[in-house]
Structures are given as structure tokens and as C-alpha cells.
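Beneath this line is the structure, given in C-alpha cells, with notes to follow.
The values are calculated or read from the model by the stated rules, or taken from the named source; none is laboratory data. Source: prediction; values computed, not measured. As a convention, Cβ positions derive from the backbone with ideal geometry for all residues, glycine included, and neighbour counts pool all protein chains shown. Just the protein is used for accessible areas: all its heavy atoms, side chains included, with ligands, DNA and RNA removed. Shrake-Rupley method; radii C 1.70, N 1.55, O 1.52, S 1.80 Å.
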Amino acid sequence: MNRALPAVRLRVPTDEDAVAWHRAFDHPDVMEFHGGRSAELSVYEELTARQRRHDAERGFCLWTMLDDTDRVIGFTGAQPWPQDWGPKGEIEIGWRLGREFWGQGYATAAAEATLERVRAAGVPSVVAMVLAGNTRSIAVTRRLGMKLEEVFTTPSRAEEGHCYRLVL
């Protein structure tokens, strides 16, 4: 049974969104697959600044995700794969939500909007790099129609990861 997805709005992150992201992601469940512990505010300040540059240069970025009351609930979007390993030169889509917003369809709704935007920007395909234990994100990749392309071991943490791909 398919249920209707919630309304989400995406915007280029502001300086203030660094604080909102820091607050929204300050939960061990949220950070389980992102280093295991909360990041410092400075990490989000740099990340939001980098995303504004990506949007200006490429027409896409990791956008701030807002619910229908304009509350910041996370981010979603696309950016060049930032590592020296894996799909270098590829555009990766991703999402992260505050814990209280899990299981409501926000990640899927926002990822679908992301696909529309990157397709409009001329991106021919996207990847999603997901740790094998992150079943929630794997479920989102499947709802988007992405296909498992590669299973690998992450160099930094020696964990199993999956590379999903979708041709746009």
C-alpha cells in the first residue's frame, strides 16, 4: 500500500541552518552511520557554506529540508562524491533527518524532489553511498528505483558499504 508522501520544501542552506542542522542531528541514532557521534557546530557551518557554493556553481547542493510548517527537519540533495575512493567524479544524493521525523516519508519525498532538480541541471546519473547496516536509507534508495551496483569495504572504518545508482 502506497501512502501519500508528506509535503517538503527545499531551500539553499542559510548561515542559520548550520545551527538548525547541528540541533536536528544531535542524536546517537541519527549519527550512527555518520561517525557515531554528534559533530561540532563548526562542521555544519563549513558544510552549509560549501553547499551554498555548490548551488551557485552547479545548480544543486544539499538543501535544507523544511516541513509544511517551515520547520527545519534535515537536509537532502546532491553533491560531488567528496572522497578519494569510490565513485570519484560522480554526483551523490543523500539525506539526513532529525530523529523525530523518521518513518514519515520525508526522506523519500525530499529525495524525489532532489532527483527532479538534478535531472533539470543535466546530471545524467546519481549514486547513493550507504553503509550496509543502514536499512532505512537502503529502503529509500529502493523506493527511488536505484539499483545496487557495488558492495565495498569502506577504507576508514572497514565497514561494508553499498553503492546504488540511478540513471536519470
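Taking only Cα atoms and a 10 Å spring cutoff, compute GNM fluctuations for the chain and point out the largest among TRP63, TRP81, TRP21.
TRP81
Return one whole number: the accessible area per residue of the range 15-92 in Å², for a 1.4 Å probe.
Accessible area per residue: 52 Å².
Would you compute the Debye intensity of the range 1-85 from its alpha-carbon atoms alone, equal scatterers and no solvent, and pass along log10 I(q)/I(0) at q = 0.14, 0.22, 0.27 Å⁻¹ to two decimals?
-0.53, -1.14, -1.35
Roughly how many percent of the accessible protein surface of the range 41-168 is carbon and sulfur, given a 1.4 Å probe and a whole-percent answer?
47 percent
Given the options ALA24, ALA107, ALA49, state which has the largest fluctuation in a GNM of the chain using a 10 Å cut-off (strictly under) for Cα springs.
It is ALA49.
Restricting to DSSP H runs of at least four residues, report the calculated mean residue ellipticity at 222 nm for the chain, -39500 (n - 2.57) per run over all residues, nearest 500 deg cm²/dmol.
It comes out at -10000 deg cm²/dmol, rounded to the nearest 500.
Give the residue from TYR44, MET65, MET31 lying farthest towards the positive end of the charge dipole for the range 2-150; charges sit on Cβ (+1 for Lys and Arg, -1 for Asp and Glu) and the dipole is referred to the Cα centre.
Farthest towards the positive pole: MET65.
Once you've got the GNM for the chain with C-alpha springs shorter than 10 Å, pick whichever of PRO13, PRO80, PRO155 has the biggest mean-square fluctuation.
Greatest mean-square fluctuation among the candidates belongs to PRO155.
Please figure out what share of the DSSP beta bridges in the range 37-163 is antiparallel and state it in percent, rounded to the nearest 5.
Taking every DSSP beta bridge with both residues in the range 37-163, the antiparallel ones total about 95 percent.
For a quick check of understanding: with a 1.4 angstrom probe and all protein chains in place, what accessible area in square angstrom does SER137 have, to the nearest ten?
20 Å²
If you average 1/r across every pair of different Cα atoms in the range 41-168 and take the reciprocal, what Kirkwood value do you get, in Å?
15.1 Å
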